[in-house]
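Enquirer: One structure is given below, represented as structure tokens, and several questions about it will come after.
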Amino acid sequence: MSKGVFITLEGPDGCGKSTQSRLLADALATAGYDVVRTFEPGGTSIGRRVREMILDTKSSGMCGITEFLLYAADRAQDVHEVIMPALAAGRIVIGDRFFDSSIAYQGYGLGMDIEAVRAVNCIATRGLVPDLTVLLDIDPATGVARATGNRDADRIERRKLEFHAAVRRAYLQMAEGEPQRFRVVGVGDRSIDQVHAAVRRAVFEFLGPGPGPSCVRGGSQPGAREV
Ligand SMILES: Nc1ncnc2c1ncn2[C@@H]1O[C@H](COP(=O)(O)OP(=O)(O)O)[C@@H](O)[C@H]1O
Ligand SMILES: [Mg+2]
């Protein structure tokens, strides 16, 4: 059994996961928690090679199943190399995406069988489920514009806006289905600092009174809601 706490950040491209992951890690470290950050695809050196394969515009012939299995392979390596050891050591792990991304993108977005997606993920993660998942909800047009910024879009980002809208709907549906695990933070036109304040509030409320072996786990779990 893991002793640490596994927190994931989820949401469509450009919603601010990577930005908020950094800010949250700093806030938790400042509060005295022992924090590890990871991300996918590419949180390990093996995963980085997988990530290149997935995102490369030269991979345009890649079928959805190949893409799905590559994400799962990257995740399996991250669980093995980074997440499980850190949790076993009692640390807080912040994951920038985890299996919910596969369910949203490959399951709902690309239409793969949701139960099959869950089953493969269960193998990849060895059954590990995040303790808390913060969903950063953003409208797809804003998200894609933020994600691409001033560089060329990668292969995933180029997909049509309807795909990104389906991903957003999927995330919201998943949050509704698992209110104990999910907290939804609406990004809208809130600044990075405003979103951080909402994320921090949700996470600290979940963690409870403060760092230390007896109080790292078991904060109040008021259910998924907009914060
Ligand atoms: N609340 C916000 N308001 C304005 N810009 C933001 C906000 N959050 C993130 N950004 C910017 O949007 C871009 C994408 O953010 P990022 O954290 O990389 O998103 P993700 O990891 O979810 O794709 C970055 O340039 C980031 O600085
Ligand atoms: Mg990112």
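Enquirer: Order Asp154, Asp26, Asp139, Asp100, most accessible first, counting only protein heavy atoms with a 1.4 angstrom probe.
Expert: Details: Asp154 35, Asp26 95, Asp139 65, Asp100 0 Å².
Of Asp154, Asp26, Asp139, Asp100, the descending order of accessible area is Asp26, Asp139, Asp154, Asp100.
Enquirer: If you filter segment 167-200 for trypsin sites (Lys or Arg not before Pro), then keep DSSP loop positions with at most 15 other Cβ within 10 Å, what is left? Mind dumping the intermediate values first?
Expert: On the way: sites: Arg168, Arg169, Arg181, Arg183, Arg190, Arg200; in loops: Arg181, Arg190.
Those satisfying the criteria are Arg190.
Enquirer: Work through the residues other than Thr44 whose Cβ is under 12 Å from its Cβ and net out their charges, Lys, Arg +1 and Asp, Glu -1. Walk me through the intermediate numbers first.
Expert: Details: positive: Arg48, Arg49, Arg51, Arg75; negative: Glu40, Asp74, Asp78, Glu81.
My count for the surroundings of Thr44 gives 0.
Enquirer: What Kirkwood hydrodynamic radius do you get for the chain when you take the inverse of the mean 1/r over all pairs of distinct Cα atoms, in Å? Provide the component values of the computation, followed by the final result.
Expert: On the way: mean 1/r = 0.0566 Å⁻¹.
Hydrodynamic radius (Kirkwood, Cα pairs) of the chain is 17.7 Å.
Enquirer: So for the pair Arg169, Ala73, with labels modelled 7 Å out along Cα→Cβ, what separation do we get in nm?
Expert: Modelled inter-label distance: 3.2 nm.
Enquirer: Give the residues of segment 67-101 whose amide nitrogen is closer than 11 Å to a point set 7 Å from the Cα of Ile46 in the direction of its Cβ.
Expert: Residues passing the 11 Å test: 73-82.
Enquirer: Something else now. Taking springs between alpha-carbon atoms closer than 10 angstrom, which of Gly149, Gly90, Gly186 fluctuates most in the Gaussian network model of the chain?
Expert: Maximum fluctuation in the GNM of the chain, among the listed residues, is at Gly149.
Enquirer: In Å², what does the accessible area per residue of segment 5-207 work out to with a 1.4 Å probe?
Expert: Numbers: 8690 Å² over 203 residues.
That works out to 43 Å² for each residue.
Enquirer: Heavy atoms only, probe 1.4 Å: what % of the accessible area of the chain goes to carbon and sulfur, would you let me know?
Expert: Details: 5570 of 10320 Å².
Result for the chain: 54 percent of the exposed heavy-atom area is carbon or sulfur.
Enquirer: So if I place +1 on the C-beta of Lys and Arg and -1 on the C-beta of Asp and Glu, and nothing else carries charge, what would the dipole magnitude of segment 126-177 be about its Cα centre? I want it in debye, nearest 20.
Expert: Numbers: 9 positive and 8 negative charges, 49 e Å.
Value, rounded to 20: 240 debye.
Enquirer: Which whole-number percent gives the relative contact order of the chain, counting Cα pairs below 8 Å spaced six or more residues apart? Before the final figure, lay out the partial values.
Expert: Details: 388 pairs, mean separation 65.1, N = 227.
Rounded, it is 29 percent for the chain.
Enquirer: May I pose another question? Treating only the Cβ of Lys, Arg, Asp and Glu as charged (+1, +1, -1, -1), what charge dipole size does the chain show about its Cα centre? Round to the nearest 20 debye. Don't jump to the answer; show the numbers that get you there.
Expert: On the way: 28 positive and 28 negative charges, 53 e Å.
I would put it at about 260 debye.
Enquirer: A further question on this structure: If the chain between Arg146 and Asp56 were fully stretched, how many nm would it gain, using 0.36 nm times the residue separation less the Cα-Cα distance? Walk me through the intermediate numbers first.
Expert: Numbers: separation 90, 0.36 × 90 = 32.40 nm, distance 1.95 nm.
Answer, rounded to one decimal: 30.4 nm.
Enquirer: Could you rank Lys58, Lys3 by how accessible they are, 1.4 Å probe, largest area first? Please report the intermediate quantities before stating the final value.
Expert: Working: Lys58 170, Lys3 130 Å².
Correct descending sequence by accessible area is Lys58, Lys3.
Enquirer: Given the Cα-Cα distance of His80 and Glu205 and 0.36 nm per residue of separation, how much length would full extension add, in nm?
Expert: Details: separation 125, 0.36 × 125 = 45.00 nm, distance 2.86 nm.
So the chain would gain 42.1 nm between His80 and Glu205.
Enquirer: Then there is this: In square angstrom, rounded to the nearest 10, how much accessible surface does Cys122 have for a 1.4 Å probe?
Expert: Its heavy atoms expose roughly 80 Å² to the probe.
Enquirer: Also, quick follow-up: Ignoring ligands and nucleic acids, what accessible area does Thr148 show with a 1.4 Å probe (Å², nearest 10)?
Expert: 30 Å²
Enquirer: Under a point spin-label approximation (7 Å from Cα along Cα-to-Cβ), what is the Ala197-Ala119 distance to one decimal in nm?
Expert: Output for this residue pair reads 4.8 nm.
The values are calculated or read from the model by the stated rules, or taken from the named source; none is laboratory data. Nothing here was measured: the structure is a model prediction, and the numbers come from that model. Backbone-built Cβ (ideal geometry, glycine too); neighbour counts: all protein chains shown. Just the protein is used for accessible areas: all its heavy atoms, side chains included, with ligands, DNA and RNA removed. Shrake-Rupley method; radii C 1.70, N 1.55, O 1.52, S 1.80 Å.
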